[in-house]
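Before any comments, here is the structure.
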Amino acid sequence: MSPSARRALSLRVLCAPAAWPHWPFLPVARRHNGRVQLGVVFDARTARLTGYSATVFLTNLFVLPDRFDEFLALPKEVFDCAEELLDAGWAID
């Protein structure tokens, strides 16, 4: 898949939480120089939270905390929009 096609697919999926296979979480990854960084995007609208719609929590699906407040306390990268998240190198995984 070309980089532009991968970006377009990532953008479509990021903007459609109902299509996420592990809803309310969407696994994402950032690849650089042979290294992979994992994260998850959370459908914050279902929890009636604002400010998290374009946030990557630096964890993966297999080690999510049991409590919601612990999840929100995880290290994260916050972006203004899905396009900015993709510009930072993140893509659906």
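The values are calculated or read from the model by the stated rules, or taken from the named source; none is laboratory data. Fair warning: this is a prediction, and the values are worked out from it, not measured in the lab. Positions of Cβ are backbone-derived with ideal geometry, glycine not excepted, and every protein chain shown enters the neighbour counts.
Brief remarks follow.
- Considering region 64-93, and only residues there that are among the acidic types (Asp, Glu) and part of a loop (DSSP other than H, G, I, E, B), the residue that is nearest to ARG12 (Cα to Cα) turns out to be ASP93.
- The one condition in (1) part of a loop (DSSP other than H, G, I, E, B); (2) aromatic (Phe, Trp, Tyr); (3) modelled with pLDDT of 95 or more that TYR52 fails to fulfil: (3)
- Looking across region 17-37, the residues that are at pLDDT below 95 and of a type in the set (A, V, I, L, M) come down to ALA18, ALA19.
- Selected residue (criterion: surrounded by the fewest Cβ atoms within 10 Å (Cβ to Cβ)) from residues of region 50-93 that are β-branched (Val, Ile, Thr) and under 13 Å from the mean Cα position of the chain (by Cα): VAL78
- Scanning region 7-41 for residues that are under 12 Å from the mean Cα position of the chain (by Cα) and in a strand (DSSP E or B) turns up HIS22, PHE25, LEU26, PRO27, VAL28, ALA29, ARG30, GLN37, LEU38, GLY39, VAL40, VAL41.
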